[in-house]
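Novice: Have a look at the structure that comes next, please.
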Amino acid sequence: MLQVVLGSMCAWSVYRTPLVKAFHWSISEVTLTFMICILALGLGASFGGLRLAKAEPRTVAITGAMLYGAGTMLASLSANHLPILYLTYGVIGGLGLGFACIVPVAVQVKWFPDRRGFITGVAVGGFGAGALATACRNAAHRKRRRDADSCLRGYRIHGVVTELRPLLAPTPQPSCSGKVSLLWK
């Protein structure tokens, strides 16, 4: 589920047109936000992987989700301030994405060592499903209201959901047979 939420970043293009129209930024300026986010995602994944070696996966995932949630919520305050959008969604959100998205892949590969390729594909597929869900949600939302302020408000709501989801998820526990079962901690 975490990958689905984080995959919403890949649907950045649905925010591009409303932001360009509302704030009179160029497409290049708005697209630079996504480029910064991808760069920060790579750095965040590196740091998250290092942290994952020393910390519990849940801690790394929650740290990433909170950074991504904070970045998306703070992005809603960037109206008419492009550098703030770069910093909030691009840098803070991107670092959070990197921290959080490395966790499911690393942990699932350990749980299913005989199905490494398949389980990695499932995790990446979840990331792609998040982009699809975000694009569909925004298409429906834009039919009702077509302004950038409502887009940025959507970021705030999405940020809160992103932050809360890992806190509510069950912690997988291996059973005596070596199979993974989901138990509430």
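Novice: Whole-Hz Karplus ³J(HN,Hα) for the range 47-56, in order, using 6.51 cos²θ - 1.76 cosθ + 1.60 and θ = phi - 60°, x for Gly and Pro?
Specialist: Karplus values, whole Hz, x for Gly and Pro: 5, x, x, 5, 5, 5, 5, 10, 10, 5.
Novice: Can you check what the Kirkwood hydrodynamic radius comes to for the range 5-83, Cα pairs only, in Å to one decimal?
Specialist: Every distinct Cα pair counted, the radius reaches 14.0 Å.
Novice: Still on this structure, I have one more. What list do you get for Tyr89, Tyr15, Tyr68 if you sort them by fewest beta carbons within 10 Å?
Specialist: Listed from fewest to most nearby Cβ atoms, that is Tyr15, Tyr89, Tyr68.
Novice: Taking the radius of gyration and the Kirkwood hydrodynamic radius from Cα positions alone, what is the Rg/Rh ratio for the range 59-104, to two decimal places?
Specialist: Radius of gyration over Kirkwood radius for the range 59-104 works out to 1.05.
FYI, it's all coordinate maths here, none of it is from the lab. Since the model is a prediction, treat every value here as computed from it, not as a measurement. In this analysis, Cβ positions are derived from the backbone assuming ideal geometry, glycine residues included, and neighbour counts consider all displayed protein chains.
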